[in-house]
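This report refers to the structure that appears directly beneath it.
The values are calculated or read from the model by the stated rules, or taken from the named source; none is laboratory data. As the structure is a prediction and not an experimental result, all values here were calculated from the model. Because the Cβ atoms are built from the backbone with ideal geometry, glycine has one as well, and the counts that use them run over all protein chains shown. With ligands, DNA and RNA removed, areas are computed over all heavy atoms of the protein, side chains included. Shrake-Rupley method; radii C 1.70, N 1.55, O 1.52, S 1.80 Å.
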Amino acid sequence: MIDLSGAHRLQDDALAASWYGVAPGAWDYGLPELFETHGPLIANPGCYATAALLALAPLAGELTSAVIDAKSGVSGAGRSLKASSHAGSVLENFAPYAIGAHRHAPEIAQQLGFPVCFVPHLLPVRRGLLATCYVQTDADVRALLDEAYATSNVVRMLSEGVSPELARVQGTDAAELGVFTDGATDMTIVICALDNLGKGAAGQAVQNANLALGLDETAGLRLQGVLV
């Protein structure tokens, strides 16, 4: 069983109850590139958490903090009617929301082992998510990420100087990562782009189900986008 609700992601029952209103217990955390699952009950990660963890989890042993500036398309808000996701509010607009109070923040912190500063923003697009993560470390970030995803068919490390883009991942179940350095501050910048409905949700659920059932990991997944 693959759960996308979020109720089974947090290991601390008190934390789960405060963020989700229920604490039914944590299941195996289903981010296959980073965490191994062992049982038939798998908690699918949140879309923002997936992008942030793909960017930061391979570096976690070298970090004590991170700033995550993330943007997602309006489909990330679900299908329920609400003023904030109405076309009149979204189109020709760009705004942060749930500042310092988004439920994916404790999920990210749990998997990294330290708190994060996380601010999500709503993009005036249907689908797609991009997380820009800022860290300070002496580690060779590109080498750590290259090693982590060397055999992955789902997560692509981009060449030096190439930036992740929504257009390449929209409508797919893949993710792409880019690494940059800011010379003025010596900050390392790791950027992850994915489709919030693909690798950020349903695509990852299929990937988890494939692994749990002993099928080919990428069966049924679309991993290449179409630029138009």
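Below are the figures for this structure:
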item	result
Boolean, ALA55 is open to solvent by 30 Å² or more (accessible area, probe 1.4 Å) and either of a type in the set (A, V, I, L, M) or in contact (Cβ under 8 Å) with a residue 12 or more places away in the chain (or both)	no
For ASN44: the one exception among (1) crowded, with 21+ Cβ neighbours inside 10 Å; (2) polar (S, T, N, Q); (3) farther than 11 Å from ASN208 by Cα	(3)
Candidates ALA209, ALA193, filtered to the one that is outside any loop (DSSP other than H, G, I, E, B), in contact with a helix residue (DSSP H, G or I) (Cβ under 6 Å, 6 or more places away or on another chain) and either touching a residue at least 60 places away in the same chain (Cβ under 8 Å) or open to solvent by less than 20 Å² (accessible area, probe 1.4 Å) (or both)	ALA193
Selection count where residues are part of a loop (DSSP other than H, G, I, E, B), open to solvent by 20 Å² or more (accessible area, probe 1.4 Å) and either modelled with pLDDT of 95 or more or in contact with a Ser or Thr (Cβ under 7 Å, 6 or more places away or on another chain) (or both), scope region 26-39	6
Qualifying positions in region 152-174 - in a loop (DSSP other than H, G, I, E, B), touching a residue at least 24 places away in the same chain (Cβ under 8 Å), in contact with a Gly (Cβ under 7 Å, 6 or more places away or on another chain) and β-branched (Val, Ile, Thr)	THR172
Number of the condition not met by ASP69 [criteria: (1) in contact (Cβ under 8 Å) with a residue 12 or more places away in the chain; (2) open to solvent by 20 Å² or more (accessible area, probe 1.4 Å); (3) not in a strand (DSSP E or B)]	(3)
Region 12-25: number of residues that are open to solvent by 50 Å² or more (accessible area, probe 1.4 Å) and either in contact with a helix residue (DSSP H, G or I) (Cβ under 8 Å, 6 or more places away or on another chain) or part of a loop (DSSP other than H, G, I, E, B) (or both)	6
Condition check for GLY220: within 18 Å of GLY30 (Cα to Cα), of a type in the set (Gly, Ala, Ser) and part of a loop (DSSP other than H, G, I, E, B)	yes
